Amino acid sequence: MQKTRIRLDNISKSYYSETAVTQALRKINLSFSEGEFVAITGESGSGKSTLLNIIGGMDSFDDGEMYIDGEPTFQYDDQDWEDYRQKKIGYVFQDYSLIGHYSVLANVVSALMIMGYERKEARKVAKEYLAQVGLSDYIRHRANELSSGQKQRLSIARALAKNTGIIVADEPTGNLDSETGEQIIRLLKELSKTRLVIMVTHNFEQAQDYVTRKIRIHDGELISDVQMNQEAVGEVTSASGDVQVVTTGTVDANISGFKGWFERFRKQSKLALFFARKNCLTLPGRSLLFTMFLLVVSVVSFLFIGQLYMNADDIFTKEYSQKGFYKANATRLVVKKEDGTTFTDEDLQAVSDVNNVLVVDSCDFANDINYYIEEDRDYEYLYGRRIRGEGESKVVSFLNESHFLMSTDCIDESDLTAGRLPETRNEIVLYAEDSSVIGEERLCYFTAANIWDVSEYYQTNLVVTGILKNPTEQVYFSKEFCNMLSMNMDSGVYRLYYNYDYTKEDYKQKPEVVPVVADDLKGNLVRVSHKFEVPTVGYVTFHFQDRDEEGNLEEEAIELDVRVLPETNSSTTDFMEVSEEFFYTYYSKEVKQISVYITSYAKTDEVIKALADKGYLAMSTYRTSVTEYVESLVSERLIIIAISAGVLVVLAFAQILILRSLMKIRIKDFFVLKFIGMKLQVIKKISYFEFGIYSGIAMVITVIAMWVLRYSGVDMIRDMMWYYEFGAYAFFVLYNLVLSALTVAAFNHLLKGRLNA
């Protein structure tokens, strides 16, 4: 007795539009049994394809009931229909419904993997079925490279490989010549010996010698149902049944709870990832298109996310006050030891070893002293007629305050291309294109607005001993010279007391002076400017003031042998030349405060914390010196933040709209996957994995490109990249992944509607 596989009981189906209702089927009553080869005929629009779609679970019906293996389907949900299409039905279509960019083998393997086969087993089984339809020699060809007959054979092999008890064929010979069409009919006939084969055809004459039953539909109604070629129908021993359970690929339906959910999720994700990778590899042009689009989005988002992080701190919208630290450098930290003791070489090395510390300068106070070494760039001379006397006067005018003293702590021998580091006080190294400048003397001026009087300057000749490798305007001075010009910031105060007034019993003159060392002086012999009203030669009382450990002011009086500098020396009145012996009697060489320069202001908090962990107190000179907000800078910052946020929002909408439209070209492939039994959940995941791959590649390329630009010296990228720490990178990755997910979600919403239509 033949087994009834499908029974239709009063099936009706209508299609609705805004203006009309079209009834496609009217009360159809039919039964189909295993071993039958059924041909459904009728003119175009008669409803035969609608009937086949209902039988195949691709379309719904309005009234009546369909029984599958005796089970009614009124209670079927989407999951049940997906299981039905996957395990009980194989499809053969007029347009073949192959995935053209997959190989012949991959088209069949795909169907088997959807059934639950592992990839290795699926390839083995697929080759067997391809051999049955004569395509063994074409397994590596792409499906779109086959002839029409070969494509239909591949479609049949795919349906056959599913090993289902029912095969439905919609106009399988419609695009074939008569000879090839007859070959396909004979192949379907052979399959019907162990299965139910239902075929819709417009060319019944081609199939009439093979089918066991002819059904004719007209205007949605059953007109005739005729048995044919009964001699070909006998008792059928099923060799196939429905789908065979493959233990390596299926999920135990009895597993419940979280374990069952997780196992199903894992297997669905594994299957979706397989198809996503296959799509990426077999459609390189499309993959490149999507990747390039996402690369543009990735680059733009990287730049504007960087702008948001750069402008998160409003410190650069404030006015900088030079009262505390004259050098306005955002990367400078001032560091002291917690116990206030002197820095040792070990301390300096420990500070240097902290991440993101570039250089350490033990001559901290000197870092706020300006130097001027190039005439017409750093300074110029102004000439005029003397008010008294004959000849012209010469006054130096300073043009450029951007250069500040830095000591040779900040460099070593490896930074030189010629010469050596300074060994004595009045030696320097600088950059020059010609090493012949080594040994030359350079006149240099110095000012320190927040250390000395604003109007005062010091001048001296310095000898070039080395040439720096890298082009820079920075000149490096010896530590002795830097400390000499700034020592009074860390030690006591010099005052000259002279012109004693006996009536008042006090000195008329008490000027504070800055001592500088002159190598030709010995003992208490000193030289002062001719502008001081002191005898040309004579003794002057010198008072040295300092504070003891308790903060009390101490003062010591010493007799100095004073000489007056010649008028040709143009250093101003604050400076007094002394011997080295005398200088270090009253000024200590101990270092209790240092300057630390870091890679970027963005690393300020990180470095301060690292130093604190090692027992050092650090503060940012820039943070300490900023005061009130500058309205124009505040506005500029807010505009940048608004533009950056706006671009990220617009970019999101643009990607979703554009890529959703581009992804429509993929809908046909998803229809095929649905036909061969893939669940909608898996179909949706394929796009998520694909775009995860595209987006991941785009983000990796973006980050690599930005690092290359950073180290290539692109200032804008370099400054921005300092702000790219874990939080910024996480935001960048999250933005692009979420945006890709939203794009896929928008497409999947469209896809679900199309697949269910």
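The values are calculated or read from the model by the stated rules, or taken from the named source; none is laboratory data. Since the structure is predicted, the reported quantities are computational estimates derived from the model, not experimental observations. In this analysis, Cβ positions are derived from the backbone assuming ideal geometry, glycine residues included, and neighbour counts consider all displayed protein chains.
Brief remarks on what is shown
- Of the residues making up segment 161-183, those that are surrounded by fewer than 24 Cβ atoms within 10 Å (Cβ to Cβ) and assigned to a helix (DSSP H, G or I) are Ser178, Glu179, Thr180, Gly181, Glu182, Gln183.
- Count - residues of segment 441-491 that are farther than 16 Å from Asn426 by Cα, in a strand (DSSP E or B) and at pLDDT below 95: 1
- The residues in segment 436-483 that are among the hydrophobic types (A, V, I, L, M, F, W, C) and surrounded by 19 or more Cβ atoms within 10 Å (Cβ to Cβ) can be counted, and the count is 12.
- Flag for Thr73 being more than 21 Å from Met113 (Cβ to Cβ), of a type in the set (Ser, Thr, Tyr), outside the structural domain of Ile683 (by TED's automatic domain parsing) and touching a helix residue (DSSP H, G or I) at 6+ places or on another chain (Cβ under 6 Å): no
So that you can scan it fast, the table gives a plain yes or no per residue for (1) of a type in the set (D, E, K, R); (2) farther than 21 Å from Leu188 by Cβ; (3) under 48 Å from the mean Cα position of the chain (by Cα); (4) at pLDDT 90 or above:
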| residue | (1), (2), (3), (4) |
| --- | --- |
| Arg5 | yes, no, no, yes |
| Ser17 | no, yes, no, no |
| Ala39 | no, no, no, yes |
| Leu51 | no, no, no, yes |
| Asp62 | yes, yes, no, yes |
| Glu65 | yes, yes, no, yes |
| Thr73 | no, yes, no, yes |
| Lys88 | yes, no, yes, no |
| Val109 | no, yes, yes, yes |
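- Residue within segment 697-711 that is loosely packed, with under 13 Cβ neighbours inside 10 Å, more than 30 Å from Gly753 (Cβ to Cβ) and more than 16 Å from the chain's Cα centre (by Cα) present: yes
- Subset of segment 712-722 (residues that are part of a helix (DSSP H, G or I) and crowded, with 19+ Cβ neighbours inside 10 Å): Ile717, Met720, Met721
- Positions within segment 184-214 being assigned to a helix (DSSP H, G or I), of a type in the set (Asp, Glu) and either touching a residue at least 12 places away in the same chain (Cβ under 8 Å) or farther than 18 Å from Val133 by Cβ (or both), in sequence order: Glu205
- Looking across Ser136, Ser155, Ser148, one residue alone is farther than 26 Å from Ala39 by Cα and either polar (S, T, N, Q) or not assigned by TED's automatic domain parsing to the domain that holds Gln206 (or both). It is Ser136.
- Subset of segment 41-96 [hydrophobic (A, V, I, L, M, F, W, C) and either under 21 Å from Leu680 (Cα atoms) or not in a strand (DSSP E or B) (or both)]: Leu51, Leu52, Ile54, Ile55, Met58, Phe61, Phe74, Trp81, Ile89, Val92, Phe93
- So Lys88, is it surrounded by 23 or more Cβ atoms within 10 Å (Cβ to Cβ), of a type in the set (D, E, K, R) and out of contact with any His (no Cβ under 8 Å at 6 or more places or on another chain): no
- For segment 99-119, the criterion of a residue being more than 30 Å from Leu25 (Cα to Cα) and surrounded by fewer than 17 Cβ atoms within 10 Å (Cβ to Cβ) is satisfied by at least one position.
- Members of segment 598-617 that are within 14 Å of Ala350 (Cα to Cα) and either aromatic (Phe, Trp, Tyr) or surrounded by 17 or more Cβ atoms within 10 Å (Cβ to Cβ) (or both): Val607, Ile608, Ala610, Leu611, Tyr616
- Per-region count, segment 185-199, residues basic (Lys, Arg) and buried (at least 20 other Cβ atoms within 10 Å of the Cβ): 1
- Taken together, the residues in segment 37-68 that are among the small types (Gly, Ala, Ser) and under 16 Å from Thr173 (Cα atoms) amount to 4.
- Test result for Tyr735, buried (at least 20 other Cβ atoms within 10 Å of the Cβ) and not in a helix (DSSP H, G or I): no
- Taken over segment 559-582, the criterion of being of a type in the set (Val, Ile, Thr) and modelled with pLDDT under 75 is satisfied by Thr568, Thr572, Thr573.
- Flag if Asp78 is under 23 Å from Glu263 (Cα atoms), at pLDDT below 95 and surrounded by fewer than 17 Cβ atoms within 10 Å (Cβ to Cβ): yes
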